[in-house]
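See below for the structure under consideration.
The values are calculated or read from the model by the stated rules, or taken from the named source; none is laboratory data. Keep in mind that this is a model prediction, so the values were computed, not measured. Glycine also receives a Cβ, built like all others from the backbone with ideal geometry; neighbour counts cover every protein chain displayed. With ligands, DNA and RNA removed, areas are computed over all heavy atoms of the protein, side chains included. Shrake-Rupley method; radii C 1.70, N 1.55, O 1.52, S 1.80 Å.
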Amino acid sequence: MLMKQKGIIIKSVDYGESDKIITILNEYGAKIPLMARRAKKVKSGLQAHTQMFVYGLFIYNKWRGMGTLNSVDVINQHYELQLDLYESSYASLCAETIERSMEENEVSKYNYELLHFVLTKISEGTSAQLMSIVVLLKCMAKFGFTASFNRCVITGNDDQSKLMGYSFKFDGAISQEVAYQDPHALKLTNRSLYLLDILQKLPINKMNSLSIHQEILDEMSELIIMLYREYAGIFFKSQKLINQLKRLENDPH
């Protein structure tokens, strides 16, 4: 049966000498694994069209089990993501988070809209790191946990200007006045906690121009990756590459 569906490639794995197995998140929000035969061969014409983040019309044969890719009419190759390792790694973190948040046969139109939104924003110049924070916040509940950033978990005080960090001992943001109760709390600026709260609650269709200082982005990223590790036991392959890139950047030799 010949199928035609718009979608975005969220996973690409080499298979044998010349083939690939790609996974697309289609326009209806379903994960579709496809065998792309000879996709690693230049002459096949599929090499460039089966890269991560390619958005296009996928034409494939589907009977039982895995489908077989015939061709791709590319709408947007997101070529700029192939040129910047940091941007590519954070975009991979977005795709990996969404892919891992879904059960095998789950259909989620929202996940497709979320991925399409963040890739479009990155193409328009918005920080890919910021977009990864948005995806991680929006997918939290799918991994079985939530986090609150807008009030002190100990006193209940919702004056966000008094917040100074996040406590894993008390499972929430804490204010300066009770910081002594958890000396191991992760210290953060109240601006980082305020922005995490805003981004967590704001629907993606209300997010217009987004620009946040790099130091704040790094604080937000650090906390949210720790939340996934502590509360869900999740380690992201993409984050490992990001950590390696940062170590290389900070190594004077």
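Return the percentage of antiparallel bridges among DSSP beta bridges fully within the chain, rounded to the nearest 5 %. Here the antiparallel bridges make up roughly 95 percent for the chain.
What FRET efficiency comes out for Ala48 versus Gln176 if R0 is 41 angstrom and r is the Cβ-Cβ distance? Round to the nearest 0.05. Show your work: numbers first, answer last.
Numbers: r = 53 Å, r/R0 = 1.30.
So the FRET efficiency works out to roughly 0.15.
The relative contact order of the chain, computed from alpha carbon pairs under 8 Å that lie at least 6 residues apart in sequence, is 15 percent.
Per residue, the chain exposes an accessible area of 52 Å² to a 1.4 Å probe, with every protein chain left in place. Taking only protein heavy atoms and a 1.4 Å probe, the accessible area of the chain is 51% carbon and sulfur. In this structure the amide hydrogen of Ala173, modeled in the peptide plane, comes within under 5 Å of the amide hydrogens of Ser148, Arg151, Val153, Ser167, none closer than 5 places in sequence on its chain. Length gained on full extension, Ile75 to Lys206, computed as 0.36 nm times the residue gap minus the Cα-Cα distance: 44.7 nm.
Taking a point 7 Å from the Cα of Gln214 along the Cα-to-Cβ direction, the residues of the range 110-126 with backbone N closer than 18 Å to it are 125-126. Taking θ as phi - 60° and the Karplus parameters 6.51, -1.76 and 1.60, the scalar couplings of the range 67-77 work out to x, 10, 6, 9, 7, 10, 8, 6, 9, 8, 7 Hz in sequence order, x denoting glycine and proline. Less than 5 angstrom separates the built amide H of Lys6 from those of Glu27, Phe58, all sequence-distant by 5 or more or on a different chain.
Rounded to the nearest 500, what is the 222 nm mean residue ellipticity of the chain from helices alone, with -39500 (n - 2.57) per DSSP H run of 4+ residues and division by all residues? Display every interim value, and only then the final one.
Numbers: 6 runs with 89 residues, N = 253.
After summing the helix terms and dividing by residue count, I get -11500 deg cm²/dmol.
Averaging the sequence gap over all C-alpha pairs within less than 8 Å and six or more residues apart, then dividing by the number of residues, gives the range 29-118 a relative contact order of 31 percent. For the range 7-18, backbone phi angles converted through the Karplus equation (6.51, -1.76, 1.60; θ = phi - 60°) give residue-by-residue couplings of x, 10, 6, 10, 7, 9, 10, 5, 9, x, 6, 10 Hz, Gly and Pro being listed as x. The structure shown yields Rg and Dmax of the Cα atoms in Å, and of the options (1) 20.2, 66; (2) 17.4, 55; (3) 18.2, 58 that calculated value carries the label (1).
Couplings for the range 141-147, taken from phi via the Karplus curve 6.51 cos²θ - 1.76 cosθ + 1.60 with θ = phi - 60°, read 4, 5, 9, x, 8, 9, 9 Hz in order; Gly and Pro are left as x.
What size of dipole, in debye to the nearest 20, comes out for the chain about its Cα centre when the only charges are +1 on Lys and Arg C-beta atoms and -1 on Asp and Glu C-beta atoms? It works out to roughly 1000 debye. In units of the compact-protein estimate 2.2 N^0.38 Å, the range 1-135 shows a Cα radius of gyration of 1.00.
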